[in-house]
């Protein structure tokens with residue numbers, strides 16, 4: 001089996017296509033289930049963010065896998081396959097590992113070096129584990145991607161290369177003003193109470209806004225975010241929660257609005273923004289971080305309104321400077337990809353080695369039983385000495401070749417050594433497969449405890 005990723009991102013597709021292809025949680029679940037039902041795939045995981053949609057799978061056939069995964073993405077995104085295909089990218093085996101590790105480090109983000117992607121990778125892994133679509137390969141891959149991303153942020157200055165999408169968006173809103181003081185004393189409205197909205201609220205509080213209003217469809221989540229903002233040791237900003245039905249009223253009082261919900265339709269229509277501006281004199285700054293968009297793009301044509309959305313952020317980030325630390329992170333990624341590949345190749349041969357040693361142990365047991373029939377006068381001590389001696393001989397004969405074959409298998413092109421070992425010793429394929437299944441179950445249980 002081999003790792004395959006098929007996806008699209010802000011680097012390969014225009015925002016208009018990404019927006020239409022966005023997947024909500026229920027659709028992601030259905031996509032994972034249908035991917036496993038498809039013949040080429042035995043594992044699957046979906047990484048879906050505001051600027052990328054990627055389907056990872058362990059497949060047994062490359063071309064069939066690409067065709068199937070592309071078709072599934074088209075079916076579940078609602079964008080026709082012919083229209084979607086020109087924007088899709090495909091990575092296979094080591095290149096797929098390299099891609100995910102680069103994504104985890106923020107090298108492939110709209111804002112280079114941002115760290116929010118780590119939480120999204122963690123969520124993708126948790127979903128795959130919960131639905132039992134992530135097996136040993138994807139568990140190992142995503143767990144290692146998280147470690148590589150954390151290593152990049154702790155060992156380099158990649159954070160200096162960029163900020164979170166929230167920070168970058170707010171800076172774009174502040175263009176033409178004093179960036180250090182633009183938010184002081186302002187009223188902010190944050191629509192949504194998820195991780196991105198929480199980060200936006202905290203960032204606005206640190207920037208000096210006088211009040212943060214949280215609007216969400218579930219009041220409980222909005223109130224929880226308010227408590228986090230106002231509790232001792234928090235941001236110290238004044239904050240309150242309102243129902244989504246109050247957004248129109250709050251829009252007439254807010255100076256800055258950040259919206260990031262999972263809604264499939266517009267949260268703020270052009271008419272709603274126009275109605276709010278009709279009763280206010282101060283300018284209104286709107287930041288839309290949702291995909292698909294929350295705020296009608298027509299709002300930017302209204303007098304006194306500045307709108308920054310994912311599309312304008314993509315254009316602005318294209319010219320953003322990259323830190324020198326990026327090269328260091330690329331080096332970390334390259335080394336980690338090589339190490340991951342070696343570990344996976346070595347793990348591939350382990351079930352065969354275990355099956356070989358099991359077969360050898362069975363042969364010893366059979367021969368000892370035969371010896372006892374021919375020499376019934378052996379006492380327990382003699383029987384134990386003979387058994388131990390025979391096992392030592394077998395272990396010594398198997399030690400060098402099994403250690404060496406693991407070393408050879410970990411090198412590029414070493415996948416054939418497992419087949420050679422099975423052929424030379426006439427190992428039962430079902431025995432090897434049963435060891436592999438046991439390894440997958442053990443790894444699944446172990447990795448569930450890490451998320």
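The rows are residues; the columns are (1) under 16 Å from the mean Cα position of the chain (by Cα); (2) outside the structural domain of residue 249 (by TED's automatic domain parsing); (3) surrounded by fewer than 23 Cβ atoms within 10 Å (Cβ to Cβ).
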position	(1), (2), (3)
98	yes, yes, yes
106	yes, yes, no
115	yes, yes, yes
123	yes, yes, yes
137	yes, yes, yes
167	no, yes, yes
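A Cβ distance below 7 Å, combined with a sequence gap of six or more or placement on separate chains, defines the contacts here; from the stretch 47-61, residues that are not assigned by TED's automatic domain parsing to the domain that holds residue 127 reach no residue that is outside any strand (DSSP E or B) and surrounded by 24 or more Cβ atoms within 10 Å (Cβ to Cβ).
Being crowded, with 23+ Cβ neighbours inside 10 Å and modelled with pLDDT under 95 is not true of residue 119.
May I ask you to say which residue of 129, 143 is surrounded by fewer than 20 Cβ atoms within 10 Å (Cβ to Cβ), more than 17 Å from residue 9 (Cα to Cα) and outside the structural domain of residue 207 (by TED's automatic domain parsing)? After applying the criteria, what remains is 143.
Residues are listed down the side, and each one gets a yes or a no for (1) more than 27 Å from the chain's Cα centre (by Cα); (2) more than 20 Å from residue 292 (Cα to Cα); (3) part of a loop (DSSP other than H, G, I, E, B):
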{"position": "175", "(1), (2), (3)": "yes, yes, yes"}
{"position": "196", "(1), (2), (3)": "no, no, no"}
{"position": "206", "(1), (2), (3)": "yes, yes, no"}
{"position": "236", "(1), (2), (3)": "yes, yes, yes"}
{"position": "262", "(1), (2), (3)": "no, no, yes"}
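Within the stretch 73-87, being surrounded by fewer than 19 Cβ atoms within 10 Å (Cβ to Cβ) and either within 15 Å of the chain's Cα centre (by Cα) or part of a loop (DSSP other than H, G, I, E, B) (or both) holds for 78, 80. Residues in the stretch 1-54 that are in a loop (DSSP other than H, G, I, E, B) and within 13 Å of the chain's Cα centre (by Cα): 50, 51. For the stretch 156-172, how many residues are in contact with a helix residue (DSSP H, G or I) (Cβ under 7 Å, 6 or more places away or on another chain) and either part of a helix (DSSP H, G or I) or modelled with pLDDT of 95 or more (or both)? Residues flagged as in contact with a helix residue (DSSP H, G or I) (Cβ under 7 Å, 6 or more places away or on another chain) and either part of a helix (DSSP H, G or I) or modelled with pLDDT of 95 or more (or both) within the stretch 156-172 amount to 11.
Scoring residue 242 on the criteria (1) over 22 Å from residue 164 (Cα atoms); (2) in contact (Cβ under 8 Å) with a residue 40 or more places away in the chain; (3) not in a loop (DSSP other than H, G, I, E, B) leaves a single failure, condition (2).
If I filter the stretch 292-304 down to residues being buried (at least 19 other Cβ atoms within 10 Å of the Cβ) and closer than 17 Å to residue 170 by Cα, which single residue comes out as modelled with the lowest pLDDT? The qualifying residue modelled with the lowest pLDDT is 293. Can you find a residue in the stretch 248-261 that is out of contact with any helix residue (DSSP H, G or I) (no Cβ under 7 Å at 6 or more places or on another chain), without any contact (Cβ under 8 Å) to a residue 24 or more places away in the chain and surrounded by fewer than 21 Cβ atoms within 10 Å (Cβ to Cβ)? Within the stretch 248-261, one or more residues are out of contact with any helix residue (DSSP H, G or I) (no Cβ under 7 Å at 6 or more places or on another chain), without any contact (Cβ under 8 Å) to a residue 24 or more places away in the chain and surrounded by fewer than 21 Cβ atoms within 10 Å (Cβ to Cβ).
The values are calculated or read from the model by the stated rules, or taken from the named source; none is laboratory data. Remember, it's a predicted structure, so these values are computed and weren't measured experimentally. Here Cβ is always computed from backbone atoms with ideal geometry, including for glycine, and neighbour counts include all displayed protein chains.
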